[in-house]
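These notes concern the structure reproduced below.
The values are calculated or read from the model by the stated rules, or taken from the named source; none is laboratory data. Remember, predicted model here, so these are calculated numbers, not experimental data. Neighbour counts run over all protein chains shown; Cβ positions are idealised from the backbone, glycine included.
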Amino acid sequence: MVGDVVSLSKPPTENMTMRRTISLAAILISACAIAGQAVRLEPHSGATDVWGKSFDAQHKITFTGKVTGIEKVRQPSGSDKEVTLLVRNHDGGGTAVVDIGPSWYVEHQVTTIHLGDRVQVTGSKAIVDGHGVILASMIVRGGRGGPVLALRRHSGKPYWIGTEVAQNPTPPTGPNVVSGTVTGLNSYVLNNVPYADAVLQTNNGLLNIDLGPQWYYGQQNITYQVGDNLSVVIGPNPITIGPGVVINNSNVIYRGSDIYNLRNGNGQPVYYWGQ
């Protein structure tokens, strides 16, 4: 968790004048902490890209500066607060307002940003509510070579959104693809973090597949149910969580036209992207 990310209504060195309509939809997620215990996560609308249409992947900029303010701002169409930074440019170009993403995603990342940090920001310029904003795709703490907070793919799609709807999708094939019907939904704990998993009835028996940490899966615009038919691209290094209980790492899960991306080709989870 990002303990130093705090709400500063009046940052000590800058005046942030971003006016936004406040709209909050309450989110309640019940996290079951016992492996094998059935868990039902209701669909949420937290995984949204509030300003995504303003992101220009073809014209990104990179600059360095010092973080002089951190604020959480409620968004008009989002169900959670957006984390925004004030970054004073090192070249004397003034202070930039940098939007980095929803707090529920940012606060679970390994790399944290603090007041006073020197950062290198890469992102796209945008106009939000009449104000100039940088929509960050990546932040490097301490400058080049430092810890990375990755926020968006090269296309501009954020890592906090793992789902997409495909037109006429082609079902995956290959030795690392399994297909089956969901017979159960469970939870397990790994490194003190509750995860969700699904049990698939396949032609070769029952198989447990990972659905990601509950804080991430519970925010996606998808919910799996008993009876769903899934095709799953399985990654390497399955996890043994108990006697005879093995969880297979899911790279991508297909259900009809719905696609849920959890890991990239080399197994890096999108929910902990960066270093």
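See the values below:
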read-out: Check on THR202, of a type in the set (Val, Ile, Thr), free of Cβ contacts under 8 Å to residues at least 12 places away in the same chain and out of contact with any Asp or Glu (no Cβ under 7 Å at 6 or more places or on another chain); value: no
read-out: Answer from PRO169, PRO194 - the residue that is of a type outside the set (Val, Ile, Thr), surrounded by 15 or more Cβ atoms within 10 Å (Cβ to Cβ), under 25 Å from ASP49 (Cβ atoms) and out of contact with any Leu (no Cβ under 8 Å at 6 or more places or on another chain); value: PRO169
read-out: Residue, modelled with the lowest pLDDT, within region 52-89, restricted to residues that are assigned to a loop (DSSP other than H, G, I, E, B) and buried (at least 19 other Cβ atoms within 10 Å of the Cβ); value: GLY78
read-out: Within region 181-252, strands (runs of 3 or more DSSP E) holding 2 or more residues that are modelled with pLDDT of 95 or more and touching a His at 6+ places or on another chain (Cβ under 6 Å); value: none
read-out: ILE239 vs. criteria farther than 30 Å from ARG141 by Cβ and in contact with a strand residue (DSSP E or B) (Cβ under 9 Å, 6 or more places away or on another chain); value: no
read-out: Those residues of region 141-152 which are touching an Asp or Glu at 6+ places or on another chain (Cβ under 8 Å) and in a strand (DSSP E or B), in sequence order; value: ARG141
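Okay, residues lined up against (1) in contact (Cβ under 8 Å) with a residue 40 or more places away in the chain; (2) over 18 Å from VAL246 (Cβ atoms); (3) part of a strand (DSSP E or B); (4) out of contact with any Asp or Glu (no Cβ under 8 Å at 6 or more places or on another chain):
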| position | (1), (2), (3), (4) |
| --- | --- |
| TYR105 | yes, yes, no, yes |
| VAL119 | yes, yes, yes, yes |
| HIS154 | yes, yes, no, yes |
| ILE161 | yes, yes, no, no |
| PRO171 | yes, yes, no, yes |
